[in-house]
Amino acid sequence: MDASQRIAALEDVPADSTHLFRVTNGTGEQQEAILVASGAEEDGGCGSDDRDDRRLDGDDETPVSCWLNYCQHLTHIKIDKGSGAPMRDGELVCANHGAYFDAGSGQCTHGPCEGAYLSDLEVDVRDGNVYLTDDDYEFVGDGPLDDDGDMTSTSNVKI
Ligand code: FES
């Protein structure tokens, strides 16, 4: 496990919100990503290699999921606006128009993009730490991007 790709201690991933961090992709562009407790209790891998299986089988045995921090309704809108995304009953909530996303599968279960999936990143848990293991991304650091591309971040929804 590449120590430079350590995102956070597993115990620091909140159960009722999100852990925000930055990644860079192959072009050097930085993006925001979020870790979220998926509700499972076993340590193990997580990410796109098994997401399709989870869709089919409902297999959700990993303790954390990792998603790019952008809604699937309007993809420039951040779900975690810098202080943690709201969650309700194990689902991430986009405060802009009230889309709900299953924390384990990333699927929108209610709202204007119902049926769409958040973009996932592969992570793995080893020895109580969460590591980014996605070949397409590298860990940059904790917290949001310096610039704020989410110009419409004012909530329209009471949650
Ligand atoms: S931007 Fe997320 S629900 Fe509309």
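The values are calculated or read from the model by the stated rules, or taken from the named source; none is laboratory data. None of these values were measured; they are calculated from a predicted model. As a convention, Cβ positions derive from the backbone with ideal geometry for all residues, glycine included, and neighbour counts pool all protein chains shown. Keep in mind that these areas ignore ligands, DNA and RNA; they rest on the heavy atoms of the full protein, side chains included. Shrake-Rupley method; radii C 1.70, N 1.55, O 1.52, S 1.80 Å.
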Subject >> Matching residues in segment 82-105 - criterion: being away from the ligand (no atom under 13 Å from the Cβ) and assigned to a loop (DSSP other than H, G, I, E, B) >> reply: Gly82, Ser83, Gly84, Asp89, Gly90, Ala103, Gly104, Ser105
Original post:
Do we have any residue at all in segment 88-101 that's within 15 Å of Ile34 (Cβ to Cβ), in contact (Cβ under 8 Å) with a residue 40 or more places away in the chain and open to solvent by 20 Å² or more (accessible area, probe 1.4 Å)?
Top reply: yes
Original post:
Across segment 60-81, what is the number of residues that are open to solvent by 20 Å² or more (accessible area, probe 1.4 Å) and part of a loop (DSSP other than H, G, I, E, B)?
Top reply: 8
Original post:
In segment 1-23, what residues are open to solvent by 30 Å² or more (accessible area, probe 1.4 Å) and part of a strand (DSSP E or B)?
Top reply: Arg6, His19, Arg22
